[in-house]
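Structure, as structure tokens:
What follows is calculated from the coordinates using simple rules that are stated; it is not laboratory data. What you see is a predicted model; the values in this text were computed from it and never measured. Glycine gets a Cβ as well: all are built from the backbone with ideal geometry, and neighbour counts include every protein chain shown.
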Amino acid sequence: MSASTNNHITVVPGDGIGPEVVEAALRVVDAAGVKLQIERCEAGSRVFARGDATGVPQETIDSVKRTGVLLKGPLETPIGYGAKSANVTLRKLFETFGNIRPVRTLPGVKTPFSDRNLDIVIVRENVEDLYSGVEHMQTPGVAQCLKLISRNGCEKIVRLAFEFAVAEGRKTLHCATKANIMKLTEGMLQRTFDDIAPEYPDIQARQILVDNCAHQLAMRPEQFDVIVTTNMNGDILSDLTSGLTGGLGFAPSANIGSRVSIFEAVHGSAPDIAGKNVANPTALVFSAAMMLRHIGEGAAATSIEHAVIYSFEQGIRTGDMAGTAKAASTTEFTDTVIANLGKRSSISAQREHGHVKVPPMVESVECVRPGSRRVVGADVFLESVLMPGELGRKVESLVAGSALKLAGIANRGTAVYPEVEAKVGLVDHYRCRFLSRDAAKDADDSQLIDLMQRLAGELSWMHVEKLQQFDGEDAFSKSAGQA
Ligand code: NAP
């Protein structure tokens, strides 16, 4: 990506097959003539086992801050409530906002799509969305996960995707969202994409709904070039695209930030094959090539990619793709790639990789300033086992005479009060929407506090959300079934 010439990097071998595939990648890099200055650090299961709930010790954080480049093996996420994913922690801590996941048809790696000449890159937003990790049990039986999407985050990922497309001489960039349902969050990426696309007239910019994108990827994947998408969509779509081209063993990734970038395989620690010298190191070797390009060692990166492809053309396969043929061990595969350094595939085209401009980190708190804004009411989330009619009448009596009126009640997003004909499955989690009785007037804090005082003694509330309008537009969604 950015053409640094600093060969000082941090390496985290990781869990499961991590140490085997990271070692393989480092051997290939060394044989390609790149002398890296390596700081070896820890993260993952052994760190969790020592009682560190982040899985990433301070020494590792300090090292990555120093080097700005991390090559890592997969890290296991302990099952249970306490520990967070060390991978997500690293991505968020260093604000690696863009996850670039390329896949391509590899010669001799047989899949149902082998004849389609695929060369697809998913550019996945990497630090926002449902993976922000802001979750609550709102009642003992109802969980909530906040899907946080910022305009700034969307701008950065969209720009990175366009810059990447330009640098690689790509033709088309699809923006895959679920903006038809999540108009504010997924819609934010869709709108940002439309705003920025005119700055890149040489790239065909196309919107696609993510479910259709998954369908099209299975039916006609060759129509795709680069796809930019939100975090969770990208997580799923990129596993899909790696499946199209041979599986997780072949899929590399780069987590790009303005100051730190992290290079790793898409796959996890594959504990079932760990320590057996059978893992496919291709994904980590390709990730290391992406890293080399990032640190200004583009010639070595290209040489390594050619050597891997040449090795496939010769027919060498690790167990994941060998079928009934004899499988090479991780070490044998790596030895073959090293022996083939300097050889070039005559049938598989190699793309030119230009310099990718990474959007810079802004030091101030980013905000969007609308021309006008007002507070028109509040949503109050209540835990109750009352039926909607009973709850509605109770709430109406509690707020009688206040500045805010009950506009409706919803249960898991479906309008249930004023009472509806349809039979709705109910849980003990209601959202009561209050709006100013005088629509021309704003709801001020004293009115909202008065509202809460009226409700609090009588009903159990979990959460209050102000309802705002920006530039005269409602900045909140309606309930399903709401007129
Ligand atoms: P996984 O580790 O990717 O493994 C799924 C299966 O894919 C493996 O059982 C293996 O299949 C195959 N596979 C993956 N990589 C391979 C390779 N290099 N060579 C050959 N086969 C490979 O997914 P998971 O089992 O869901 O996750 C295991 C752990 O990894 C979890 O703790 C998860 O949280 C973590 N994880 C970490 C990262 C990361 O660090 N970025 C990413 C994903 C998951 P066979 O059964 O056919 O051998």
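Here are the numbers:
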read-out: Point-to-point label distance, Glu390-Asp239, nm (Cα→Cβ direction, 7 Å offset); value: 4.2
read-out: Relative contact order (percent, whole number), segment 118-216, Cα cutoff 8 Å, 6+ residue spacing; value: 25
read-out: Residue-wise HN-Hα coupling along segment 101-117, computed from phi with Karplus coefficients 6.51, -1.76, 1.60 (Hz; x: Gly, Pro); value: 10, x, 9, 8, 5, 10, x, x, 8, 7, 9, x, 10, 4, 8, 9, 6
read-out: Total formal charge among the other residues, if their Cβ is under 15 angstrom from that of Pro19, Lys/Arg +1 and Asp/Glu -1; value: -1
read-out: Alpha-carbon centroids, segment 336-384 and segment 91-109: separation in whole Å; value: 11
read-out: Rel. contact order, % - alpha carbon contacts under 8 angstrom, at least six apart, segment 265-369; value: 27
read-out: The chain, relative contact order in percent, only Cα pairs under 8 angstrom and at least six apart counted; value: 17
read-out: Stretch gain in nm, segment Glu465-Lys183, where the contour uses 0.36 nm per residue and the Cα spacing is subtracted; value: 99.7 nm
read-out: Estimated translational D of segment 373-474 in µm²/s (Stokes, Kirkwood radius over Cα pairs; 10 °C; 1.306 mPa s); value: 115
read-out: Taking Tyr200, Tyr430 and counting other C-beta atoms within 10 Å, the order from fewest to most; value: Tyr200, Tyr430
read-out: For a label point 7 Å along the Cα-to-beta-carbon line of Cys145, residues of segment 267-287 with backbone N under 18 Å; value: 268
read-out: Radius, Kirkwood style, for the chain when every pair of distinct Cα atoms is counted (Å); value: 24.8
read-out: By average C-beta atoms within 10 angstrom, highest first, the peptides 264-275, 304-315, 468-479; value: 304-315, 264-275, 468-479
read-out: Folded to 0 to 90 degrees: helix 18-31 orientation relative to the chain principal axis, Cα; value: 50
read-out: The chain: antiparallel DSSP beta bridges as a percent of all, rounded to 5; value: 65
read-out: Order by protection proxy (mean Cβ within 10 Å, highest first), peptides 69-76, 126-133; value: 69-76, 126-133
read-out: Order of Thr111, Thr192 - criterion: other Cβ atoms within 10 Å of each residue's Cβ, fewest first; value: Thr111, Thr192
read-out: Straight-distance crosslink candidates among aspartates and glutamates, where the alpha carbon sits under 14 Å from Lys110 and sequence neighbours closer than 8 are dropped; value: Glu313, Asp320
read-out: Charge dipole (the chain, unit charges on Cβ, about Cα centre) - positive-most of Gly18, Pro57, Ala143; value: Gly18
read-out: Between helix 298-314 and the chain: long-axis angle, C-alpha atoms, 0 to 90°, nearest 10; value: 70
read-out: Chain lengthening between Met137 and Thr331 when straightened (0.36 nm per residue, less Cα-Cα); value: 65.1 nm
read-out: Dipole moment magnitude, nearest 20 debye, segment 373-474 about Cα centre, only Lys, Arg, Asp, Glu C-beta charged; value: 120
read-out: Total charge dipole magnitude, the chain, about the Cα centre, Cβ charges on Lys, Arg, Asp, Glu only, Debye to nearest 20; value: 420
read-out: Per-residue Cβ neighbour rank within 10 angstrom, fewest leading, Arg124, Arg393; value: Arg393, Arg124
read-out: Expected 222 nm ellipticity per residue - DSSP helices of 4 or more, -39500 (n - 2.57), all of the chain, to 500; value: -10000 deg cm²/dmol
read-out: Charge dipole of segment 373-474 about the Cα centre (unit charges at C-beta), most positive-ward option of Leu386, Ala439, Ser460; value: Leu386
read-out: Estimated distance in nm for a label pair at His8 and Ala480, the labels positioned 7 Å out from Cα along Cα-to-Cβ; value: 5.5
read-out: Inter-site label distance for Ala218 and Leu426 at 7 Å from Cα along Cβ, in nm; value: 3.8
read-out: Length gained when the stretch Arg191-Ser397 is fully extended (0.36 nm per residue, less Cα-Cα span); value: 70.0 nm
read-out: 20 Å cut-off, amide nitrogen to a point 7 angstrom out along Met361 Cα→Cβ, residues in segment 244-272; value: 254-264
read-out: Signed unit charges on C-beta, dipole axis of the chain, positive-most listed residue Ile196, Tyr310, Ala300; value: Tyr310
